[in-house]
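*Asks:* Next up is a structure, given as structure tokens.
The values are calculated or read from the model by the stated rules, or taken from the named source; none is laboratory data. Model, not experiment: these values are computed from the prediction. Don't worry about glycine lacking a Cβ; one is built from the backbone with ideal geometry, like all the others, and counts go over all protein chains shown. Surface areas here come from the heavy atoms of the whole protein model, side chains and all, with no ligands, DNA or RNA. Shrake-Rupley method; radii C 1.70, N 1.55, O 1.52, S 1.80 Å.
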Amino acid sequence: MSLYLTPINIGEVTVVDAAGRITLGENTMSFRKMIHELTAGGRKKILLNMADITYVDSSGIGELIAAFTTVKHQGGAVKLLNPTKRVCDLLHITRIYTVFEVFEDRGRAVSSFSVGKVAGN
């Protein structure tokens, strides 16, 4: 199954609606390319909506961490929205859950990117 990424700008925040699998190969490459394009375009407040992500492998975890690091080094933040139970379990097992801010409500997630909160992320 492919990975589908749809960016939607809400003010300064880019919500990336993701569907499919974040797995080794073309899927992780397309994810990396999307993050690069967003940051190159000055979009540094990224909310990854994972409600329709069905599976993440170890390469996918690596890409999530790489995205977090890349954006953070540019003064921004990557946050997660609505990860499925399966993805949540994986985030807990790998302790990646402690790296990302995770939200269940889109409005709260978008508002969490206010100036004071991004710098402290």
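*Asks:* Which one of these is of a type in the set (Ser, Thr, Tyr) and farther than 26 Å from residue 86 by Cβ: 70, 39, 54?
*Replies:* Answer to the check: 39.
*Asks:* For the stretch 65-121, give me the residue count where each residue is at pLDDT below 95, touching a strand residue (DSSP E or B) at 6+ places or on another chain (Cβ under 9 Å) and basic (Lys, Arg).
*Replies:* The qualifying residues number 2.
*Asks:* Let me ask something additional. With respect to the numbered conditions (1) assigned to a helix (DSSP H, G or I); (2) in contact with a helix residue (DSSP H, G or I) (Cβ under 9 Å, 6 or more places away or on another chain), which one is the sole condition not fulfilled by residue 86?
*Replies:* For residue 86, the failing item is (2).
*Asks:* Taking the condition among the hydrophobic types (A, V, I, L, M, F, W, C) and farther than 16 Å from residue 6 by Cα, does residue 81 pass?
*Replies:* So residue 81 does not fit the description; no.
*Asks:* Follow-up. Do we find that residue 98 is open to solvent by 30 Å² or more (accessible area, probe 1.4 Å), more than 19 Å from residue 21 (Cβ to Cβ) and within 12 Å of the chain's Cα centre (by Cα) in this structure?
*Replies:* no
*Asks:* When the stretch 4-58 is examined, which residues are found to be open to solvent by 40 Å² or more (accessible area, probe 1.4 Å), in a strand (DSSP E or B) and of a type in the set (A, V, I, L, M)?
*Replies:* Once the filter is applied, which keeps residues that are open to solvent by 40 Å² or more (accessible area, probe 1.4 Å), in a strand (DSSP E or B) and of a type in the set (A, V, I, L, M), the stretch 4-58 yields 8, 10, 51.
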